[in-house]
Amino acid sequence: MLSLTPPVAPQAPQSPQQTQTQHHPLAAPDDLQLPNGKSQQDEILKADHQRDLKDAAQLIDLAEQLKQELEKNDRHVLSISSVKKTEEIEKLAKRIHARLVR
């Protein structure tokens with residue numbers, strides 16, 4: 001019977017130092033350093049935090065505007081601007097959530 005698989009040479013056991021330098025192909029690459037010496041990952045996280053703060057402030061502002069519109073109306077009829085505000089609030093909340101869970 002013929003074997004179609006090529007012969008495999010036995011590999012020498014690797015030292016612990018060699019195994020530490022090998023990376024899993026799906027693992028995240030090492031953190032890159034920017035030209036100013038700062039960590040790229042840290043800078044991304046800082047920028048995301050600033051966007052979260054800005055979006056949260058806008059979210060609060062829209063929620064306050066919506067509350068005022070709802071208090072102003074004495075009927076159960078909503079204006080189109082109120083509906084648009086709720087959609088924008090939802091969009092902002094989802095954007096903040098997406099950045100927080102990455």
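Laboratory data are not the source of any read-out in this text; all were calculated from the coordinates shown. Not measured: the values here are computed from a predicted model.
Cα-Cα over 26 Å: which of LYS46/LYS84; LYS67/LYS91; LYS72/LYS94; LYS46/LYS85; LYS46/LYS67; LYS54/LYS85? LYS46/LYS84; LYS72/LYS94; LYS46/LYS85; LYS46/LYS67, as the Cα separations exceed 26 Å there.
Across the range 36-101, the mean sequence separation of Cα contacts (distance under 8 Å, 6 or more residues apart), normalised by length, yields a relative contact order of 44 percent.
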